[in-house]
Every structure is written in structure tokens, then in C-alpha cells.
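S.K.: One structure coming up, written as C-alpha cells, with questions to follow.
The values are calculated or read from the model by the stated rules, or taken from the named source; none is laboratory data. What you are looking at is a predicted structure, and each value in this text was computed from that prediction instead of being measured. Virtual Cβ from ideal backbone geometry, glycine too; neighbours counted across all protein chains shown.
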Amino acid sequence: MAKKNDQQLRREEELAHLEQMGIDPYPYSFDKTHSSVEITENFDDEKPEQFEKVAIAGRIMSIRRMGKASFLNIMDQEGRIQVYVKKDDIPDFYEALNLLDIGDFIGIKGHVFKTKTKETTVYGKDVTLLAKSLSPLPIAKEEIDEDGNKTVHDAFADKEMRYRKRYIDLVVNSDVRPVFIKRSKIISAMRRFFDDKGWLEVETPILQPLYGGAAARPFITHHNTLDVDLYMRIALELYLKRLLVGGFEGVYEISKNFRNEGMDRSHNPEFTMMEIYIAYKDYNWMMDMTEELIKHIANEVNGKMEIQFDDLSIDLSNKFPRVPFFGLIEEHAGKNLKGLNLDELKAAAKELNVAIEPGASSSKVLDEIFGEFVEPKLIQPTFVIDYPLEMSPLAKKHRTEEGLVERFELFINGSEMANAFSELNDPRDQRARFEEQAKAKAGGDDEAMILDEDFLQSLEIGMPPAAGLGIGIDRLVMLLTAQKSIRDVLFFPQMKPEK
């Protein structure tokens, strides 16, 4: 345990003094009736009877003691409100007020009025200490010079510390909490959209005997009773498709996935994914539905179709264009790579100065070239369609284009938002694709898929034609809240442990 500083020691002395006074610093409950915003937005001093009796609770963010009266600023989940107390009204507690600090939780019962400066305020007739804070908050101090320039001192601004101590970040940085409230609304809006169409929300296993549904390295754990290794899922796809085999015609899941891979501004090893599968549809239908979904959510949570990233404006209102994969590479990299074999692709990558690992497959080479030359250019919403077969082992072959599959990815602001297929339901073709993946894995591609015999057996039972879609929730939240890092939309992003 770290050595306690002077403020911590002082607060512990205050705690002891409060207990000597017979005040419980950690009571069990408080009957709160109103929120700060409910009061500040609705109080009318010409009709004060509406708020004659209120009970609010929250964290003390400032205290102004003025002899026999004091003003406090209280923060709850929704906002802040001023509280006024007089010694004459709370004689038994007023001495204890001198033992309270910024950060303590209190409950106040009283009525609402407006001060001479017209600030909506709760007149406290009863005050209850709800939790004594034993460590100080890093409250920023503002200084305004004679020219009106504002300087902030001691701000809790260090990014790494904010991610590690999110509970402090949420208290002291006012711009953080709205991002996470909006995250919740985005997920709720998506869920309502699906439910209103009659599609069923389901749950599938997190611990799996085989991992599949994506090209990624898994986390491995061990089940002691069964004495077997299990994998934390990297995708939802193969289990959701089994439900189509079982007779469901529209299923979706919103859940955590886990991939044992690097971390950057758009990747975290633990992330939230939505996948949905609809029987009797194809990728053309799914593109229409995806565009409708994104626009619906944007309108629900933002009330508009425009998103501003600094000086960059993204417009969701237009029809999302649909552009072929190889056409985009030729446009931005200047090379037609369609139909090239592995050696030819590696030679093209070398000419384009794209670094390729020695054991890379054709799929990996194409992905690296696309990521280098195309992705950063896809700022406005764009459906990239018709991928090469070797990049999409779970997608149905294109009905007219040899060597391609019916797959699309939605890119916005240079980032992949969604991935979708006309789903492969021919068990013979699927087995052959898995076998090709096994060869790639043997050749050094540790992200290649493994053969899942039970999934193949399910396809042999029969799966109807279907369209599937996956959306990374974290990236969607980044987009709709204009955040540049995935860590800014996760309450507790993965961090290297402190020593």
C-alpha cells in the first residue's frame, strides 16, 4: 500500500471525528426523489409548489462556507445543482459540514427556489452524509486573467491515467460521461430496430471447443473438470448459422468477442460485436438493410446525419455508393491485381513498398495492399463489394464473377464498420474452403481458420440461403460520438499492468 499523503490523513481524521459525533459515514440507503436536471429544467419560481418537497443525492463538487450559511454544488448522474443550507435549519449537522470535502456523497431534503442571481437551488432542510471520500479528486482549477484568457491547472488530462482510473475520469472530465450514455443509446436503438422487424436476439457460447468465424488468433483457457483446452470466441458466425439450420429465420446477438492480437486506435483485444443472420436474403438485400440501420441509429441518437471530426464532415444522408474491391485497388494503387497468383501478388506488393511477412497468403497480401492504399481514402460511407474468394472462406461464390464472392464491407472515416456475405451454405464448397485455410495455416498464416467438422455437419443437415452481417459496436460508437480512439468509447480498455 502506498504511503498516505497529508490530504488522505486529514480525511481519515475527519472520518473519525464524524463517527465520534454519532454520524454514520456509510449509511445503507437514501430515498432520492428527483435528479438535478429534472429540477433545473422544470422549476418555475412562479409555481414553486411543484418542487415543495425534493430529495436529491450526489457528490459534492464545491463548498462555499459563509459563517452561518453555505452553498454546495452537487453532481449526480445527470448533471449539477446548487444547494443552500443554513445553520439554523440544520443545527445538529452544521458542525459536521466543516468535516465534509469535495468528493463526499450527501443527500439533501428540502424545497427548490431561485437565488437573487436566478440560479435554481435546493434549500436544504435536512442533510445526510452518504459516503465519506478518503482520497481527494484531482479537481482542475481555472484561472482567468485580465484579458479573459482561461488557464486550467491540475487537470486530470493524462490519457493513460484516465483510462486506468476511469472512475475518476468520469467524475472530473465533463465531456466523458455523455459518450458512454450515447453508447448505451446506440446499442438500444440497434436492438429496437431488429426487434421491431421480428428478429430474435439469442446467446451463443463464449467458451468454444473450436474457434471460427473470422481470421484471428484466439485466447486459450483450460477447463479443469473436463481437462480440455477451450477458446474464447473470436466471432459469433458459426453458432448463429447453426440456428438457421435449426429453423430460425432471423437471429442476432450483441456480445463480447476476444482476439489475441495487437492494440491500436481501432482495436482492443476484448470488443463488442453484433452479428445478424436472415434466412432467404442475399448481400444485396443486406446492403439496403445496413444502410437503413446506420441512418436510423444516427437519427435516433444524434438527430442528424452529419458527423464532424475536427475539420472533416461525414454525411450519412446520401445513398451509400457500392464499389468493387479490385476496382478500388486499381484506382488508388494503380495496379490491377484481379486473378494474380501468390507470387505475382507479392511482387506487386514489393513494387508498391507494402511490407509482407514471408509466410503470408494471397488473402493477407491483398488485405495489406488494400489497407495501405484504399482504406484511408474511404471517408464518406462506402460499400466495398465483391471480394476475392481467397479472402472470404465463409461467403458464397459470386453468381456472375469468377474468383469472387458476394461480400461487402462498409467503410466510413477510413475504418471498417460492417462486414457481410451472401452466406455459403453448400457443405461441399465449405469443406474445400476450410481445407484451403488449413493449408494456409500450415504455411505460416496463424490467423487462418480451422476446420470445424460439427459446423460442416450442420450444413449437411441443410441451411437455407441467407445473408449475414457483422458490425463492430465500438467502432460505430467512435463514429457517432466523433471519438478518434477505441479507448475513448470503452469504460475499461485493456492496459499493460502497472508495476
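S.K.: Which numbered condition in (1) assigned to a helix (DSSP H, G or I); (2) over 26 Å from Ala298 (Cβ atoms) is the only one that Pro178 fails?
M.R.: The single condition Pro178 does not satisfy is (2).
S.K.: What is the number of the single condition among (1) out of contact with any Leu (no Cβ under 8 Å at 6 or more places or on another chain); (2) crowded, with 18+ Cβ neighbours inside 10 Å that Lys87 does not meet?
M.R.: (2)
S.K.: While we're on this one: Within the stretch 391-407, can you find the residues that are within 22 Å of Lys335 (Cβ to Cβ) and either without any contact (Cβ under 8 Å) to a residue 40 or more places away in the chain or crowded, with 20+ Cβ neighbours inside 10 Å (or both)?
M.R.: Met391, Ser392, His398, Glu401, Glu402, Leu404, Val405, Arg407
S.K.: Checking Lys4 against (1) touching a residue at least 12 places away in the same chain (Cβ under 8 Å); (2) within 19 Å of Pro136 (Cα to Cα), which single condition isn't satisfied?
M.R.: The number of the failed condition is (1).
S.K.: Can you tell me how many residues in the stretch 217-246 are surrounded by 19 or more Cβ atoms within 10 Å (Cβ to Cβ) and farther than 18 Å from Ser458 by Cα?
M.R.: The total comes to 6.
S.K.: Then there's this: Which residue is nearest to the chain's Cα centre (by Cα), if the candidates are limited to the stretch 93-139 and must be in a loop (DSSP other than H, G, I, E, B) and β-branched (Val, Ile, Thr)?
M.R.: The qualifying residue nearest to the chain's Cα centre (by Cα) is Ile139.
S.K.: Right, Asn98: under 23 Å from Leu137 (Cβ atoms), polar (S, T, N, Q) and modelled with pLDDT under 95 or not?
M.R.: Working: under 23 Å from Leu137 (Cβ atoms): yes; polar (S, T, N, Q): yes; modelled with pLDDT under 95: yes.
Yes: the conditions hold for Asn98.
S.K.: Considering only the stretch 339-386, how many residues are in a helix (DSSP H, G or I) and among the hydrophobic types (A, V, I, L, M, F, W, C)?
M.R.: Summing the residues that are in a helix (DSSP H, G or I) and among the hydrophobic types (A, V, I, L, M, F, W, C) in the stretch 339-386 gives 10.
S.K.: Please work out which residue is farthest from Leu244 (Cα to Cα), limiting yourself to the stretch 396-415 and to residues that are of a type in the set (Lys, Arg) and not in a strand (DSSP E or B).
M.R.: Arg399
S.K.: Does Ile187 satisfy being closer than 30 Å to Lys241 by Cβ, aliphatic (A, V, I, L, M), at pLDDT 95 or above and crowded, with 16+ Cβ neighbours inside 10 Å?
M.R.: Yes: the conditions hold for Ile187.
S.K.: Among the residues of the stretch 193-213, is any under 22 Å from the mean Cα position of the chain (by Cα), crowded, with 18+ Cβ neighbours inside 10 Å, on the phi > 0 side of the Ramachandran plot and assigned by TED's automatic domain parsing to the domain that holds Phe455?
M.R.: yes
S.K.: Now, a different point. Could you please give the count of residues in the stretch 3-30 that are touching a strand residue (DSSP E or B) at 6+ places or on another chain (Cβ under 9 Å) and either closer than 25 Å to Glu119 by Cα or outside any loop (DSSP other than H, G, I, E, B) (or both)?
M.R.: Matching residues across the stretch 3-30 total 1.
S.K.: Here's a follow-up. For the stretch 483-498, check the following and say yes or no: at least one residue is of a type in the set (Phe, Trp, Tyr), buried (at least 19 other Cβ atoms within 10 Å of the Cβ) and out of contact with any strand residue (DSSP E or B) (no Cβ under 6 Å at 6 or more places or on another chain).
M.R.: Checked against the condition, which is being of a type in the set (Phe, Trp, Tyr), buried (at least 19 other Cβ atoms within 10 Å of the Cβ) and out of contact with any strand residue (DSSP E or B) (no Cβ under 6 Å at 6 or more places or on another chain), the stretch 483-498 yields no hits at all.
S.K.: Same structure again: Might you check whether a residue that is touching a Ser or Thr at 6+ places or on another chain (Cβ under 9 Å), touching a residue at least 60 places away in the same chain (Cβ under 8 Å) and not in a loop (DSSP other than H, G, I, E, B) occurs anywhere in the stretch 309-324?
M.R.: Yes: the stretch 309-324 contains one or more residues that are touching a Ser or Thr at 6+ places or on another chain (Cβ under 9 Å), touching a residue at least 60 places away in the same chain (Cβ under 8 Å) and not in a loop (DSSP other than H, G, I, E, B).
S.K.: Can you tell me which of Ala432, Ala418 is of a type in the set (A, V, I, L, M), assigned to a helix (DSSP H, G or I) and either free of Cβ contacts under 8 Å to residues at least 12 places away in the same chain or crowded, with 20+ Cβ neighbours inside 10 Å (or both)?
M.R.: Only one candidate passes the filter, namely Ala432.
S.K.: Look through the stretch 90-117, keep the residues that are of a type in the set (Val, Ile, Thr) and surrounded by fewer than 17 Cβ atoms within 10 Å (Cβ to Cβ), and return whichever of them is farthest from Thr128 (Cα to Cα).
M.R.: Thr117
S.K.: Identify, from the list Lys335, Lys364, the residue that is over 22 Å from Lys441 (Cα atoms), basic (Lys, Arg), outside the structural domain of Glu306 (by TED's automatic domain parsing) and buried (at least 16 other Cβ atoms within 10 Å of the Cβ).
M.R.: Details: Lys364 fails: over 22 Å from Lys441 (Cα atoms).
None of the others qualify; the one that does is Lys335.
S.K.: Before we move on, is Ala448 outside any loop (DSSP other than H, G, I, E, B), under 20 Å from Pro427 (Cβ atoms), touching a residue at least 12 places away in the same chain (Cβ under 8 Å) and under 31 Å from the mean Cα position of the chain (by Cα)?
M.R.: For Ala448, the condition - outside any loop (DSSP other than H, G, I, E, B), under 20 Å from Pro427 (Cβ atoms), touching a residue at least 12 places away in the same chain (Cβ under 8 Å) and under 31 Å from the mean Cα position of the chain (by Cα) - is not met.
S.K.: Also: Of all residues in the stretch 34-80, count the ones that are under 31 Å from the mean Cα position of the chain (by Cα) and either part of a strand (DSSP E or B) or more than 23 Å from Leu134 (Cβ to Cβ) (or both).
M.R.: 20
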